[in-house]
1. Given K378, K384, which one is more than 24 Å from the chain's Cα centre (by Cα) and without any contact (Cβ under 8 Å) to a residue 24 or more places away in the chain?
2. Among the residues of the stretch 39-84 satisfying the criterion of being free of Cβ contacts under 8 Å to residues at least 24 places away in the same chain and touching a helix residue (DSSP H, G or I) at 6+ places or on another chain (Cβ under 8 Å), which is nearest to S125 (Cα to Cα)?
3. Which residues, taken from the stretch 219-229, are under 14 Å from the mean Cα position of the chain (by Cα) and either surrounded by fewer than 20 Cβ atoms within 10 Å (Cβ to Cβ) or of a type outside the set (A, V, I, L, M) (or both)?
4. Within the stretch 294-314, can one find any residue that is assigned to a strand (DSSP E or B) and either of a type in the set (D, E) or touching a residue at least 60 places away in the same chain (Cβ under 8 Å) (or both)?
5. Would you mind stating whether V166 is part of a loop (DSSP other than H, G, I, E, B), hydrophobic (A, V, I, L, M, F, W, C) and more than 19 Å from N143 (Cβ to Cβ)?
6. Would you please name the residue that is nearest to V348 (Cα to Cα), looking only at residues in the stretch 408-441 that are in contact (Cβ under 8 Å) with a residue 24 or more places away in the chain and among the basic types (K, R)?
7. For the stretch 238-264, give me each residue that is surrounded by fewer than 19 Cβ atoms within 10 Å (Cβ to Cβ) and among the hydroxyl-bearing types (S, T, Y).
8. Tell me yes or no: at least one residue of the stretch 70-89 is under 22 Å from T164 (Cα atoms) and under 24 Å from the mean Cα position of the chain (by Cα).
Amino acid sequence: MRCVRCYICDHDVWCVLQSAEWGVDEDTRRSCQSKGKTEDECQNYIRVLLLSGPRLFTCGTNAFSPICTTRPILDLAQVVDSVNGVARCPYDPKHNSTAMLTDSGELYAATVIDFSGRDPVIYRSLGSMPPLRTAQYNSKWLNEPHFVSAYEVGRFTYFFLRETAVEQDCGKAVFSRVARVCQNDVGGRFLLEDTWTTFVKARLNCSRSGDVPFYYHELQSTFYLPEQDIIYGVFTTNVNSIAASAVCAFNLSGITQTFNGPFRYQENPRTSWLSTPNPIPNFQCGTVGDGGPGGNLTERSLQDAQRLFLMSDVVQPISVDPLISQDNIRFSKLAVDIVQGQETLYHVIYIGTEYGTIIKALSTSNNSLRGCYLEEMKLLPEEKWEPILNLQILQSDRSLFVGLNSRVLKIPLERCSNYQTQRECLEARDPYCGWDRKQRRCSTIEESTNMSQWIQNITHCPERNLTQDGRFGPWTPWQSCTHNDGLLTVSTVAHF
């Protein structure tokens, strides 16, 4: 029987420090298969993996009987707590879900809550706040959603998703959304009991401008830059449409402005969706009356919360056109790094594709540099390509970690030594790199000993279709390595 392993790796020497098997017991597996599921489906797939101080909170599908465990980081094999995974983890490993833990210990999960996958939910559990969920079996709240990500911002939790649009009058369409709830929401009384009273959602627009705009309807991945309150998103066309992808960025202030605007409301299924004024246009979490949390909820406010949750206005991106767009390809994931150049800050965007390549692009307020492709990295030979499943930047190590089906790859963010001459260095237009005239080499700004001698020339996009050897050599032979952090000593083998 196959089982899932949890790993902890050392990012410096790139060896496995710990691993723990987490399989499915025979009775659970048989029960799963008796309900018509395949052998592959009746395994334990880890879908939630969250750090909480010195512990790891993780949830697995457990053969369509989801379960969550808490484990010490220093001993993954030890389970210190186990709870039911329903409403915290999907039953089906193919369901798109997301989850996050707040600083105060509440788990916010967006997943499906039943075996058949017909009851999608945004659910809060654990911690000191009461459990809350979105309205059950109400397609106006959530309609066949695919959850992408969740972020804690101030007193709000934001969820990013795509779903079938209930407000679409003609034909079926999928829209990308941002949803929001208050973290101090305690639910209603009698009406909306155990249900969010602060749930709102709005459509995200990512489109190519024109008399008839070309829409990238389906959100695939997001990246939040808290330093600048910007959300980057990867959007694609529908899988049954011509392949096309784009990256759009949204200011958090723009999202807030939309949530402060009018709602869209449908009186009954036979009427059209109409715009209606927002009864609380500058809503803020945390307004608590003398009756404690929720004490100021009137019958009218609960009725409004039950029917007014879809915003009329659309959240517009920070630029009229996408920052990056490309036809005949599907982007899958992205990560963004803020880089200090000689004269300004740059946002370097790493975009994973379904073909297993990573596009490195530039985002800046300079229109002549908008949408610049700096390079495209082919990680594996064409006959062995795998789609990019995850991208994570580890700032302390200045590395990009790439998740594939069969492996995890580590790529240095700064590879200035690849450029051997001043011309190569400057014409790469790489924000990480500049030419040090004193040391006569391409270096990062941190490596320069004299800033007046360190130059860049990022005035326009680099020339494309130039092949550059990434200089990633073959693996070295396996060798022993030892890790000691003062608490745990582990010996293992690795290659580099």
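1. The conditions single out K384.
2. The qualifying residue nearest to S125 (Cα to Cα) is C42.
3. Our first condition is that a residue be under 14 Å from the mean Cα position of the chain (by Cα); within the stretch 219-229, this holds for 219-226.
Passing the criteria: Q220, S221, T222, F223, Y224, L225, P226.
4. Among the residues of the stretch 294-314, at least one is assigned to a strand (DSSP E or B) and either of a type in the set (D, E) or touching a residue at least 60 places away in the same chain (Cβ under 8 Å) (or both), which makes the answer yes.
5. Details: part of a loop (DSSP other than H, G, I, E, B): yes; hydrophobic (A, V, I, L, M, F, W, C): yes; more than 19 Å from N143 (Cβ to Cβ): no.
Against the criterion (part of a loop (DSSP other than H, G, I, E, B), hydrophobic (A, V, I, L, M, F, W, C) and more than 19 Å from N143 (Cβ to Cβ)), V166 does not qualify.
6. R429
7. Scanning the stretch 238-264 gives S241, S253, T256.
8. yes
All of the numbers you see were taken from the coordinates with simple rules; none came from a lab. No experiment lies behind these values; they were computed from the predicted model shown. Because the Cβ atoms are built from the backbone with ideal geometry, glycine has one as well, and the counts that use them run over all protein chains shown.
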